[in-house]
Structures are given as structure tokens and as C-alpha cells.
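The values are calculated or read from the model by the stated rules, or taken from the named source; none is laboratory data. All of these numbers come straight from a predicted model, not from anything done at the bench. Every residue, glycine as well, gets a Cβ built from its backbone with ideal geometry; the counts of neighbours run over all protein chains shown. Accessible surface areas use protein heavy atoms only, side chains included; no ligands, DNA or RNA. Shrake-Rupley method; radii C 1.70, N 1.55, O 1.52, S 1.80 Å.
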Amino acid sequence: MTSTLRRRLVVALGVAALLAAEVTTAVAKPAGPSPVEQLRQDTEALHALGISGVQARVIAPDGRQTVATSGTADLNTGRPVSSNGYFRMASTSKTLVATVVLQLEAEGRLSLDDTVDHWLPGVVQGNGNDGSRITIRQLLQHTSGIHNNLPGYTTSEEYYQQRHNVYGPEQLVARAMAHAPDFPPGEGWAYSNPGYVLLGMIVQKATGQPVHQEIDDRILRPLGLDQTRWTGTSPTLPRPHAKAYQLFGSGSLVDVTDQVPVDHETSYATTTRDENRLLRALLAGRLLPPRQLAEMKRTVPVSADVQQLWPGGRYGLGLVERPLTCGGTYWSHEGGDGGYITLNGVTDDGRRSAAVSMSEARGDTPEHILNQENAASALIDHALCAGGPSTP
């Protein structure tokens, strides 16, 4: 998850009714843009904010796809954005990890009520942290209280100093253990990247394989997601890809494409095609038995500060539920890492989905952060609320 904020943009829809004698005449509002044109407008709106490159893809209930791009993949050469360009999946990989854990639960190889100490004795301790009181379910749902403390950079100087650092899972967990918990287990909600590092370690203990291997074997290969690739400690991405930029401040736009992901055990490059296909398969019940999918969709409210990021949002097990302006809700898990910010969503039945990837993070001011997040959220909302299938 990025540290940015966003609010929904609400589109007012309606017709005026005039009553005269015994006759009711509906005054129709002029038709809005088609789903195809709406997607084009929304990608252009993101680029107009100053975001260098944008690509979006929508898959309609009948399976037809609409893609739109805007801006450039390289500010030096001006080459166009590819609709099949790779980007870093970042925190969307939490959905992959959660799916593997729930598959293992369905197979009886672990329980959501198992404690961390049951699998990783002595790893979570010190400064009030106690692995004997934290369950796998709490790690999945960010209710463990484990402090969110991963390495990161806030300036261009820090980026150049840290971009090739490699951290093992134990090092990342140790950083969190240096802090007191944010709250007792189960008594609050706070986004915790170290909690998902621990889940990867538990998967390896339960299966004897690294979590990325289990993800490949259980999800990527069965679904044919050949455009989602584990990158490990590589600082580069498959081609084609847009360069990733980070705006640190006025006059400080830095190409941050070249960097090693902090949690390299679950670092993936992917595409909008594969993110759509993943979410559709998950919500359609192709990856989990009904009981485990229902568990994944049992949500709790997120914290008040994150409500600014996900207005009305609730968190399940590696999956976020958010309201739609046209009624109902959708499921998603956004990701942000190294200049790439991606939002996505799928309807509850898995039939309509959308993903938008931006290759620039404008995180220098609250206004830039808010505008970028609002516009991307509006794109997802418009795509999922479209009245009919888009044209190819």
C-alpha cells in the first residue's frame, strides 16, 4: 500500500420527472460517454495531473477488453506507453500470499487460529511483541499490532544510497521487533508489511518451499499468468516497461526504476492483463473453495487514517472491500513501489474488472497525493459502474 490518500469522485446520475395531469414524462439526461471513451478520458485526466505514463485495462462481463494509455514511458525519448507494459506488483502480492495461506488451510496443513510461535518460535518477541498471542488470521487482516517499519526512502539522496540494499525476511521482522506493538493483538487495525513477511516465512515452514515458489505452483501456472514473474533481488524488470519516476519535490523528479524491492521474497513484475485475470479468477471461485473464499471476504473496518485512503473501505484477508458510487461494493488490493502505483478492482461476482498502472508517484505534497489517488479511484469506479460491456 502506498502512503497516499484518496477520496472517491462521485458522479451524479439521474433523470428529472415532470407530472402533468395523468401523464408522467421522463426528462432524459443526455447520454454520457461510452465505456471506451470514459476510459480514455480517465487516463488522460491522470496524465494531465503531471503523471508521466498511464495504462489501464477493463475486462467486461463478456470477456471483451478495453485498453487505454496516456503520456510517455520515457521522459527522455518520449516513447509511448505500452498497454502490455510490466510494472512492480508491490502490495497487490499480498492477495497472492493470502490465497496460498487459505489454500493451505483448506488442505488442513495449517489453521488460521495457529499462533506465530507455533510456526516461528521466538521470532516475534521483545518490546512487548509476543508471537504466542498473534494468530495467522490477525497477520492476514492487519490486526496483529506489529509495527509497520520497513526500509524506505523519502529523498533522492536516500534512494541512491539504498536502492541496491538486500534484506532477508529475518532482518525485516527484526526491524519491526525494535518497536512496541501499535496495539494488543486483535484490538485495532494498522497496515503491517512485516506481518506479511511473517506469513511468507510461515508458508515456507509449512511447505518446505519459498512462498514465491508456492505462488508460482498454486496460482500463476494454473491460471496461465505468464506475464507475472518473480523478480527476486533483480533491480530490473522485463521488457517492455515504462520507466518509474518519483517526484520528491519541485525540480526533483528522479528515475527510480533501478532498485531492489525491499521484500524480495514476494516481489513480482506483472501487467494490467494479469492483474485483471487474477482478481477475476479469485472472486469467481477458481482459486479457493467456497468456505475459504468466504473467510477472505469477512472484513473489518480499517483505521480512521486509512479511511482517508479507502473511504468506506474494509479489509478482509489480503483483500480490500470498497463501495461503488453506483451501489454495491468491489474488491481490490492496490500496490505502490518504486514510482509505480497501481489500483485495481473486480465486482463481487468476478465478471467485471479494471486495473490502472501509473509510472510516476507524485508524493511531494498532500495536494498531489490526493489528486493522483482520487483520479485513479475514479477510473476504477467508472469502469466497474459502466452500464454495459465495452467494445473491443
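Scanning segment 29-71 for residues that are buried (at least 19 other Cβ atoms within 10 Å of the Cβ) and among the hydroxyl-bearing types (Ser, Thr, Tyr) turns up Thr43, Ser52, Thr66, Thr69, Ser70. Selection within segment 198-232: residues that are over 20 Å from Thr270 (Cα atoms) and either among the aliphatic types (A, V, I, L, M) or touching a Pro at 6+ places or on another chain (Cβ under 8 Å) (or both). The member of this set that is most open to solvent (accessible area, probe 1.4 Å) is Gln204. The condition (being aromatic (Phe, Trp, Tyr) and under 17 Å from Ser93 (Cα atoms)) is satisfied by just one residue among Tyr245, Tyr268: Tyr268.
For segment 126-150, the set of residues classified as of a type outside the set (Ser, Thr, Tyr), touching a helix residue (DSSP H, G or I) at 6+ places or on another chain (Cβ under 7 Å) and open to solvent by 20 Å² or more (accessible area, probe 1.4 Å) consists of Gly126, Asn127, His147, Asn148, Asn149, Leu150, listed by residue number. Would you pick out the residues in segment 254-281 that are closer than 25 Å to Arg351 by Cβ and open to solvent by 10 Å² or more (accessible area, probe 1.4 Å)? Once the filter is applied, which keeps residues that are closer than 25 Å to Arg351 by Cβ and open to solvent by 10 Å² or more (accessible area, probe 1.4 Å), segment 254-281 yields Arg273, Arg277, Arg280. Restricting attention to segment 372-387, the residues that are more than 17 Å from Leu46 (Cβ to Cβ) and open to solvent by 30 Å² or more (accessible area, probe 1.4 Å) total 2.
Taking the criterion of being over 14 Å from Leu317 (Cα atoms) and either in contact with a His (Cβ under 6 Å, 6 or more places away or on another chain) or buried (at least 23 other Cβ atoms within 10 Å of the Cβ) (or both), the residues of segment 186-197 that qualify are Pro194, Val197. Filtering segment 282-315 to residues that are touching a Phe, Trp or Tyr at 6+ places or on another chain (Cβ under 8 Å), of a type outside the set (A, V, I, L, M, F, W, C), closer than 18 Å to Ala98 by Cβ and surrounded by fewer than 21 Cβ atoms within 10 Å (Cβ to Cβ) leaves Lys297, Thr299. Within segment 194-210, residues that are outside any helix (DSSP H, G or I) have Cβ atoms under 9 Å from residues that are among the aliphatic types (A, V, I, L, M) in these pairs: Gln209/Val203; Pro210/Val203, counting only partners at least 6 apart in sequence or on another chain.
For segment 154-178, name all the residues that are in contact (Cβ under 8 Å) with a residue 40 or more places away in the chain and closer than 20 Å to Gly126 by Cα. Hits for segment 154-178 are Pro169, Glu170, Leu172, Val173, Ala176, Met177, Ala178. Within this structure, Ala190 fails the test of being closer than 24 Å to Ala90 by Cβ and not in a loop (DSSP other than H, G, I, E, B). None of Arg57, Arg109 is farther than 23 Å from Val306 by Cβ and out of contact with any Ser or Thr (no Cβ under 6 Å at 6 or more places or on another chain) except Arg109. Scoring Thr99 on the criteria (1) in a strand (DSSP E or B); (2) closer than 20 Å to His212 by Cβ; (3) β-branched (Val, Ile, Thr) leaves a single failure, condition (1). Selection within segment 126-150: residues that are farther than 13 Å from Gly188 by Cα and aliphatic (A, V, I, L, M). The member of this set that is modelled with the lowest pLDDT is Leu150. For segment 92-105, the set of residues classified as open to solvent by 10 Å² or more (accessible area, probe 1.4 Å) and farther than 18 Å from Arg286 by Cβ consists of Lys94 only. Out of the residues in segment 106-120 that are acidic (Asp, Glu), under 18 Å from Leu317 (Cα atoms) and in contact with a strand residue (DSSP E or B) (Cβ under 9 Å, 6 or more places away or on another chain), state the one that is surrounded by the most Cβ atoms within 10 Å (Cβ to Cβ). Looking at the filtered set, the residue picked out is Asp114. Filter segment 338-371 down to the residues that are open to solvent by less than 30 Å² (accessible area, probe 1.4 Å), in contact with a helix residue (DSSP H, G or I) (Cβ under 7 Å, 6 or more places away or on another chain) and outside any strand (DSSP E or B), then identify the one that is nearest to Arg298 (Cα to Cα). My answer is Gly350. The condition of being under 24 Å from the mean Cα position of the chain (by Cα) and at pLDDT below 95 holds for only one of Thr25, Thr4, Thr72, that being Thr4. If you go through segment 227-255 and pick out every residue that is among the charged types (D, E, K, R) and closer than 19 Å to Ala56 by Cα, you end up with 2. Within segment 173-214, the set of residues being over 26 Å from Leu225 (Cα atoms) and among the basic types (Lys, Arg) comprises just one member, Arg175.
Among the residues of segment 87-131, those identified as under 20 Å from the mean Cα position of the chain (by Cα) and of a type in the set (Gly, Ala, Ser) are Ala90, Ser91, Ser93, Ala98.
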